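Q: Take this structure first; my questions come after.
Where a number appears in this text, it was derived from the coordinates with a stated rule and is not lab data. Quantities reported herein were computed from a predicted structural model and do not represent experimental measurements. Cβ atoms come from the backbone with ideal geometry, glycine included; neighbour counts cover every protein chain shown.
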């Protein structure tokens, strides 16, 4: 039952983040039970987890809805990530396994095969996977959980605005520099590159959406 609940949660979370379910859309227990071919219990447990993540809202005697995207929450998430991503990269440079380091380099290199306009959704997804692997490589479960929760907010926002990185060469070089510093076991450089990457990204978004940082 727990495995089924976790799988339903994972699928629904990804659908919400990727905007297959739009903000404000109703998530009917009955429809989800039919969709997953299961009982109501694992569906309701999955929805409770999504509610804790802030991805859905439940109104008693009305129903469950996909949460709206709150621009203030997005800004606050990026403000936290600006420092925590650097810490994760610093720890990863000392704790990552060889497989994790190679995985980061592979993900960083994969952006060269994508077109930033045509493949913007895949760019966002690969960026999310790169950062998630960096978080895992930190070897700090609390840090990983915190950053993954923040990413639920930020990745959904990027999909919502259909974000395209116009300075794509800078982006590719910056991501690769993080992966390379981790591979070289250089924690100071890994932290600096990750902080610079996130700060530059926040500044860019701020000029369009958040006002001054």
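Q: So which residues in the range 1-17 are within 16 Å of residue 148 (Cα to Cα), in contact with a helix residue (DSSP H, G or I) (Cβ under 7 Å, 6 or more places away or on another chain) and surrounded by fewer than 16 Cβ atoms within 10 Å (Cβ to Cβ)?
A: Those that are within 16 Å of residue 148 (Cα to Cα), in contact with a helix residue (DSSP H, G or I) (Cβ under 7 Å, 6 or more places away or on another chain) and surrounded by fewer than 16 Cβ atoms within 10 Å (Cβ to Cβ): none in the range 1-17.
Q: Which condition number does residue 71 fail, the rest of (1) in contact (Cβ under 8 Å) with a residue 60 or more places away in the chain; (2) surrounded by 14 or more Cβ atoms within 10 Å (Cβ to Cβ) being met?
A: (2)
Q: Here's another thing I want to ask about it. So which residues in the range 104-124 are touching a residue at least 24 places away in the same chain (Cβ under 8 Å) and within 20 Å of residue 18 (Cβ to Cβ)?
A: Within the range 104-124, 107, 111, 116, 117, 120, 121, 123, 124 meet the criteria.
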